[in-house]
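S.K.: Structure incoming, see below.
The values are calculated or read from the model by the stated rules, or taken from the named source; none is laboratory data. Bear in mind the structure is a predicted one, so any value in this text is a computation, not a measurement. Cβ placement follows ideal geometry from the backbone for every residue including glycine, while neighbour counts extend to all protein chains displayed.
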């Protein structure tokens, strides 16, 4: 009854309610271990205006009863294929990889983002409010430029084009570049050198190339923001020695901002990563080695990185658990549970929540979301239980202060077919 009343109240709220107060909730701010019991959060015009314990509600505000519920920031998928891939195995619906393209770093995922993708509604119902849509590598170690998207209904889906550059190293990068890690690093050095040459003399760039040049002008142009630090460089590398090589990029190119993806053996060089100030996006379920570059995989990886002072985000990186952001709260919960395993090194609940909210926001440069603070965007999720428990689910989601519809293609199909009578079934079913 309480849930039905909540949904009815939300349905009556305008697209952007001004102001709205959520009262009586347990508020998890994603700032350390801060928990506000019986808390009130007020938002107006898409921004949080007040947060605290039993705050006075402004006159005329719409009040949402959050008693018995838990309120958190919206989940941010730091690495995903949301909006650019519908069915991974159907090439025509998958724009994340361009394996036959003559271009690489210049590929811009923002041109492929589909606001009507069925996966956006599914992820939004699970509490995901924002995401980075990243490419897959094709025939070059540089895969292209990822986009930042909002999962909100009614507003723009694309919020920042060309937000990050994605690069493959390690075994995959070596295979793409010609068969070895040295080939991948040579390709990297050549492309960055060409980008520098273009920046120094744009007019003379094409005259300085021969017909067999390895770097296209558009690709060299796309790498300029990486070299001057305007665009983060996401590097997929798992082996500890590969990670150490990535860290050396900062010495050669002082402005470059690498972010490690995968990083299964990162715990072996955690102190070096922390000293370099390089963030890590990884998975809490990596344990057994899938290949030779992840022989030292362990579920303690995230705990060691956190203890060393590394900014860590959890993302659905494929393999174990697939690529759907729906499972991010469960992955964060697994990182907490790891601390209770004999010899295990996991996260606190506050650290785990931050790994799917505050830390992805920090890594992606989303300075106005990720935590519950006055002035931040009202990207909020109200849960029916502990968000890190598998049996919990959102009962309401707001993005930029707008209440989101809790429906998807799946819920619509369920509503359509669950009440069918026996006579409505196909002929092959018994009657």
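S.K.: Residue under question is residue 222, and the condition is that it be modelled with pLDDT under 95 and either over 30 Å from residue 408 (Cα atoms) or assigned to a loop (DSSP other than H, G, I, E, B) (or both); does it hold?
M.R.: The answer is no for residue 222.
S.K.: Scan segment 173-189 residue by residue and report those that are under 19 Å from residue 223 (Cα atoms) and surrounded by fewer than 14 Cβ atoms within 10 Å (Cβ to Cβ).
M.R.: Of everything in segment 173-189, just one residue is under 19 Å from residue 223 (Cα atoms) and surrounded by fewer than 14 Cβ atoms within 10 Å (Cβ to Cβ), namely 189.
S.K.: Anything in segment 235-251 that is under 15 Å from residue 174 (Cβ atoms) and either not in a helix (DSSP H, G or I) or not assigned by TED's automatic domain parsing to the domain that holds residue 317 (or both)? List them, or say none.
M.R.: 235, 236, 237, 238, 239, listed by residue number.
S.K.: Counting only residues that are within 22 Å of the chain's Cα centre (by Cα) and either surrounded by 18 or more Cβ atoms within 10 Å (Cβ to Cβ) or modelled with pLDDT under 95 (or both), how many does segment 339-348 have?
M.R.: Let us first name the residues in segment 339-348 that are within 22 Å of the chain's Cα centre (by Cα), namely 346-348.
This time we only want the ones that are either surrounded by 18 or more Cβ atoms within 10 Å (Cβ to Cβ) or modelled with pLDDT under 95 (or both), so: 346-347.
Qualifying residue count, segment 339-348: 2.
S.K.: Inside segment 169-185, can you point out the residues that are out of contact with any helix residue (DSSP H, G or I) (no Cβ under 6 Å at 6 or more places or on another chain) and in a helix (DSSP H, G or I)?
M.R.: Across segment 169-185, the qualifying residues are 172, 175, 176, 182, 185.
S.K.: Okay, moving on. Return the residues of segment 131-155 that are touching a strand residue (DSSP E or B) at 6+ places or on another chain (Cβ under 8 Å) and either outside any strand (DSSP E or B) or outside the structural domain of residue 116 (by TED's automatic domain parsing) (or both); say none if nothing qualifies.
M.R.: Within segment 131-155, 134, 135, 137, 138, 141, 151, 152, 153, 154, 155 qualify.
S.K.: Something else about it: Could you look through segment 295-315, keep only residues that are buried (at least 23 other Cβ atoms within 10 Å of the Cβ) and assigned to a loop (DSSP other than H, G, I, E, B), and pick out the one that is modelled with the highest pLDDT?
M.R.: Among those residues, the one meeting the criterion is 310.
S.K.: Exactly one condition in (1) over 19 Å from the mean Cα position of the chain (by Cα); (2) under 28 Å from residue 45 (Cβ atoms); (3) surrounded by fewer than 21 Cβ atoms within 10 Å (Cβ to Cβ) is false for residue 362; which is it?
M.R.: (1)
S.K.: Return a yes/no flag: does segment 329-336 have any residue that is modelled with pLDDT under 95 and either more than 24 Å from residue 120 (Cβ to Cβ) or touching a helix residue (DSSP H, G or I) at 6+ places or on another chain (Cβ under 6 Å) (or both).
M.R.: No, the conditions are met nowhere in segment 329-336.
S.K.: From the list 105, 100, exactly one residue is surrounded by fewer than 24 Cβ atoms within 10 Å (Cβ to Cβ) and outside any helix (DSSP H, G or I). Which is it?
M.R.: Among 105, 100, only 100 is surrounded by fewer than 24 Cβ atoms within 10 Å (Cβ to Cβ) and outside any helix (DSSP H, G or I).
S.K.: Taking segment 252-269 only, how many residues are within 18 Å of residue 186 (Cβ to Cβ) and either out of contact with any helix residue (DSSP H, G or I) (no Cβ under 7 Å at 6 or more places or on another chain) or not assigned by TED's automatic domain parsing to the domain that holds residue 294 (or both)?
M.R.: 1
S.K.: To continue, here is another question. Strands (runs of 3 or more DSSP E) wholly in segment 15-93 with at least 1 residues that are crowded, with 16+ Cβ neighbours inside 10 Å and without any contact (Cβ under 8 Å) to a residue 40 or more places away in the chain - which ones?
M.R.: 35-44
S.K.: Here's something else I'd like to know. Kindly establish whether residue 393 is over 25 Å from residue 159 (Cβ atoms), over 17 Å from the mean Cα position of the chain (by Cα) and outside the structural domain of residue 116 (by TED's automatic domain parsing).
M.R.: Judged against the criteria, residue 393 is a match.
S.K.: Could you grab the pairs with beta carbons closer than 6 Å, sequence gap of 6+ or different chains, first residue in segment 226-254 and free of Cβ contacts under 8 Å to residues at least 24 places away in the same chain, second one in a loop (DSSP other than H, G, I, E, B)?
M.R.: From residues that are free of Cβ contacts under 8 Å to residues at least 24 places away in the same chain, the pairs are 249/256.
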